Amino acid sequence: YADIPASLRVELHWRAADAVKTDEPSEALAAVAHHLIEAVEIAGESAVHAAERAADDAERRFDFEEAIRMRGLALRALDVLGVPATTQRCLLLLGCARAQLVLRRVKEAWDTARRAAALARQTGNIEHLAQAALMLSDHVLVDASEPVALLEEVLSLLPPGRSKLRARVACGLSQMLWYRG
């Protein structure tokens with residue numbers, strides 16, 4: 001494989017992605033995504049979308065490791081394509097954090113949620129910032145000061161009309177404050 005010139009490898013992965021597609025899409029989603037990611041220079045954002053679809057499918061099948069892997073591939077593809085901080089990148093990070101929580105990888109999930117929160121701030125998306133803040137509000141942490149600060153930040157930014165999200169954030173904040181004593 002290493003002896004094949006890079007440009008030919010990309011072309012072969014591009015062809016393989018097309019060949020792997022079947023009438024049963026869920027069976028081939030991960031394989032197609034893998035090949036498109038390897039051919040991202042040709043495939044462009046369709047590689048990212050394929051990895052997102054494969055991640056969603058893996059999550060539906062409760063294969064959270066695969067969902068994390070596929071979202072990681074999508075994030076790397078965005079890097080290769082030079083796509084700046086976007087809502088799409090933030091959603092991929094939130095999806096990874098959610099799957100990491102299901103797998104009880106709390107520290108890893110919190111690190112991923114932090115990255116998502118930073119992107120949400122950068123893009124000005126309060127809802128995504130709230131999702132990142134809520135990500136661990138129902139988990140007992142040794143030091144809850146950071147989640148508390150993030151939840152308080154979200155509450156200060158949410159407009160009064162967003163009562164449902166505001167209630168969820170306030171509830172998460174009250175839980176974290178209760179755990180802190």
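Conditions (1) within 28 Å of E65 (Cβ to Cβ); (2) open to solvent by 70 Å² or more (accessible area, probe 1.4 Å); (3) in contact with a strand residue (DSSP E or B) (Cβ under 8 Å, 6 or more places away or on another chain); (4) modelled with pLDDT under 95, marked per residue:
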site: E108; (1), (2), (3), (4): yes, yes, no, yes
site: D111; (1), (2), (3), (4): yes, no, no, yes
site: N125; (1), (2), (3), (4): yes, no, no, yes
site: M135; (1), (2), (3), (4): yes, no, no, yes
site: L158; (1), (2), (3), (4): no, no, no, yes
site: R166; (1), (2), (3), (4): no, yes, no, yes
site: G172; (1), (2), (3), (4): yes, no, no, yes
site: G181; (1), (2), (3), (4): no, yes, no, yes
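Can you name every one of the helices (runs of 4 or more DSSP H) wholly within segment 33-127 that holds 3 or more residues which are of a type in the set (V, I, T)? Walk me through it before giving the result.
Numbers: elements: 40-43, 45-60, 64-81, 87-102, 106-123.
Correct list: 106-123.
If you go through segment 85-95, how many residues are open to solvent by 10 Å² or more (accessible area, probe 1.4 Å) and farther than 16 Å from A133 by Cβ?
Within segment 85-95, the subset open to solvent by 10 Å² or more (accessible area, probe 1.4 Å) is 85-89, 91.
Adding the requirement that they be farther than 16 Å from A133 by Cβ leaves 85-89.
Qualifying residue count for the region: 5.
Name the residues in segment 125-173 that are over 25 Å from Q88 (Cβ atoms) and of a type in the set (D, E), would you?
Of everything in segment 125-173, those that are over 25 Å from Q88 (Cβ atoms) and of a type in the set (D, E) turn out to be D138, D143, E146, E152.
Condition (residue is open to solvent by 60 Å² or more (accessible area, probe 1.4 Å) and within 26 Å of R162 (Cβ to Cβ)) applied to segment 64-84: is it met by at least one residue?
no
Provide a single number: the residues in segment 150-181 that are in a loop (DSSP other than H, G, I, E, B) and either at negative phi or touching a Gly at 6+ places or on another chain (Cβ under 8 Å) (or both).
Looking only at segment 150-181, we keep the residues that are in a loop (DSSP other than H, G, I, E, B), and these are 158-162, 181.
Within this subset, residues satisfying the condition of being either at negative phi or touching a Gly at 6+ places or on another chain (Cβ under 8 Å) (or both) are 158-162.
Selection size over segment 150-181: 5.
Output yes when any residue across segment 40-57 is closer than 23 Å to I4 by Cβ, modelled with pLDDT under 85 and surrounded by 20 or more Cβ atoms within 10 Å (Cβ to Cβ), and no when none is.
yes
The values are calculated or read from the model by the stated rules, or taken from the named source; none is laboratory data. Since the model is a prediction, treat every value here as computed from it, not as a measurement. No Cβ is skipped: glycine too gets one built from the backbone with ideal geometry, and neighbour counts run over all protein chains shown. Accessible surface is based on the protein model in full, side chains and every heavy atom, while ligands, DNA and RNA are left aside. Shrake-Rupley method; radii C 1.70, N 1.55, O 1.52, S 1.80 Å.
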